[in-house]
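The structure under discussion appears below in the form of structure tokens.
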Amino acid sequence: MKRFVVLVLDSFGIGEMDDVKDVRPQDIGANTYRSVLRDNPNLKIPNLERLGIANAAKMEIGNVKFSKDAVYGRANLMHFWCDTFYGHHELMGTYPKKPKTEPFSEAIDEVEKVLKNHGYSVERFGSPREVLIVNNCATIGDNLEADLGQVYNITGALDFISYENLLEIGKIVRGVVKVPRVITFGGKNVTIEDLKNAYECRDGLFGGINAPKSGVYRNGYQVQHMGYGIDSEVQLPKILEGVAKTVFIGKVADIVENPKGKSIFCVDSAKVMELLIEEIKSNENAFICANIQETDLAGHQEDPFKYGEKLEVVDRNLKKVIDLLDEDDILIITADHGNDPDIGHSNHTREKVPILIYKKGLNGIDIGERGSLSDIGQSVAEYFERHLPDNGESFLKKL
């Protein structure tokens, strides 16, 4: 058997990056690990403790002590800011390219022109910052849930446009804008009036549709994230074709292309762990990556208690995962950024992330501080005797 498993605890950062004071001063002092554990002094995560979460964070808190048997390290974020989409693409081997941050109002003229050139009916709506309405069934505007200016949303009423046709609009927009992400999504049982009624303007600059308020998440929700400068040809799913099966579970299935593999979208943490266990059991030669999204959602809600509950759900299932792995298998637990619930804002925080490693019979190794999440991806590639051409330095030989 030859299985490499990566479990991403979405947003479980372990302390601010060294560049925070210059690039993201609102995150000075951020440490998601410290905040969650201090607010939950009786938190029980014995498996994460044994794997070295305190070692990686360089901090014992409450029940969570250093582990003498841990194989661990930590990674810096190479991508700009602190983003789930770019964090996962960095992990998969992408060298992050710097995108542009601007409100949709700066790009609206060019987007409107190119859509009209493609034959779409386009009108403007909203004040003081306009959004576009396309074919009276979709809107284009700022994403109001992520850091403002970094994401544009294409939001569709899927009873009036197919998701495939909505994606065509998304691809056209992606082709002319330089913000980090364009997200194309929609749901059923909503109308263009529902989307209009969910219009909001933030800070007088960012006009968009409040997605939860619009109702698109409730029924028949479909989504695809399209990033700036992302080339799937240099990432793990492509590099591992013909060598190992690639299985994605949770939010990673939403945001990384995996055309020849298996992708399972799921949010509930217990279900993600259940699916992970099932996939380990049913695959003898595979790269399996699962994302625990509910930790990140708790961070956005600034709720350290819910965050702790989700960590305990994961930890209770970790022993089952470990018991399935043999001498050839490797498990890595990491994160994609931070989301400190006590920092004073509800956005992601730019933090270093843990690298916790399990391999049967291996203990007491510190792999040090890595420069990029791509080092994990490069280690996966080397494990399957392949190489990622774009980014990353493998640490497999340290194991």
* **Given (1) without any contact (Cβ under 8 Å) to a residue 60 or more places away in the chain; (2) at negative phi; (3) assigned by TED's automatic domain parsing to the domain that holds D203; (4) not hydrophobic (A, V, I, L, M, F, W, C), number of the condition G119 does not satisfy** => (2)
* Structure fact -> Residue pairs within 6 Å by beta carbon, gap of at least six or interchain, first lying in segment 198-215 and under 12 Å from G126 (Cα atoms), second part of a loop (DSSP other than H, G, I, E, B) and polar (S, T, N, Q), listed first then second, are A198/N210; E200/N210
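Taking the condition touching a residue at least 12 places away in the same chain (Cβ under 8 Å), in contact with a helix residue (DSSP H, G or I) (Cβ under 8 Å, 6 or more places away or on another chain) and in the same structural domain as D340 (by TED's automatic domain parsing), does N31 pass?
Criteria met by N31.
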* Among V252, V243, V313, which is the only one that is within 15 Å of V6 (Cβ to Cβ) and in contact with a strand residue (DSSP E or B) (Cβ under 9 Å, 6 or more places away or on another chain)? -> V252
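Would you pick out the residues in segment 340-392 that are charged (D, E, K, R) and closer than 26 Å to N31 by Cβ?
D340, D342, R350, E351, K352, D366, E369, R370, D375
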* Structure fact -> Residue hits (segment 169-194; assigned to a helix (DSSP H, G or I) and surrounded by 15 or more Cβ atoms within 10 Å (Cβ to Cβ)) are I169, G170, I172, V173, R174, I192, D194
* Within segment 268-297, track down each residue that is part of a strand (DSSP E or B) and under 11 Å from the mean Cα position of the chain (by Cα). => A290, N291, I292
* **Meets criteria (of a type in the set (D, E, K, R), more than 16 Å from the chain's Cα centre (by Cα) and under 29 Å from V252 (Cβ atoms)) for D109** => no
* Give just the number: which of (1) touching an Asp or Glu at 6+ places or on another chain (Cβ under 8 Å); (2) in a strand (DSSP E or B) does I154 not satisfy? => (1)
* Structure fact -> Counting only residues that are of a type in the set (A, V, I, L, M, F, W, C) and either crowded, with 24+ Cβ neighbours inside 10 Å or under 8 Å from the mean Cα position of the chain (by Cα) (or both), segment 72-91 contains a total of 5
* Only residues in segment 388-399 that are among the basic types (K, R) count as the first member; pair them with residues that are surrounded by 18 or more Cβ atoms within 10 Å (Cβ to Cβ), Cβ under 8 angstrom, at least 6 apart or cross-chain, and list the lot. => K398/I367
* Odd one out for G377 among (1) part of a loop (DSSP other than H, G, I, E, B); (2) small (G, A, S); (3) modelled with pLDDT of 95 or more -> (1)
* Within segment 329-344, is even one residue crowded, with 16+ Cβ neighbours inside 10 Å, among the small types (G, A, S) and either within 22 Å of F4 (Cα to Cα) or modelled with pLDDT under 95 (or both)? -> yes
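Scan segment 94-134 for residues that are among the polar types (S, T, N, Q) and either buried (at least 19 other Cβ atoms within 10 Å of the Cβ) or modelled with pLDDT of 95 or more (or both) and jot them down.
Correct list: T94, S105, N117, S121, S127.
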* To do: Of the numbered conditions (1) touching a helix residue (DSSP H, G or I) at 6+ places or on another chain (Cβ under 9 Å); (2) at pLDDT 95 or above; (3) not aliphatic (A, V, I, L, M), E145 fails exactly one; give the number of that condition.
  => (2)
* Matching option when the condition is in contact with a His (Cβ under 7 Å, 6 or more places away or on another chain) and either of a type in the set (S, T, N, Q) or surrounded by 23 or more Cβ atoms within 10 Å (Cβ to Cβ) (or both), among G299, G227, G250, G207 -> G227
* If you take the residues of segment 317-328 that are without any contact (Cβ under 8 Å) to a residue 60 or more places away in the chain and either polar (S, T, N, Q) or in a helix (DSSP H, G or I) (or both), which of them is farthest from A286 (Cα to Cα)? -> N317
* Asked: Taking segment 329-357 as the region of interest, how many residues are over 30 Å from S282 (Cβ atoms) and in a strand (DSSP E or B)?
  -> 3
* Asked: Checking Q293 against (1) touching a helix residue (DSSP H, G or I) at 6+ places or on another chain (Cβ under 7 Å); (2) closer than 18 Å to D83 by Cβ, which single condition isn't satisfied?
  -> (1)
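The values are calculated or read from the model by the stated rules, or taken from the named source; none is laboratory data. What you are looking at is a predicted structure, and each value in this text was computed from that prediction instead of being measured. Cβ atoms come from the backbone with ideal geometry, glycine included; neighbour counts cover every protein chain shown.
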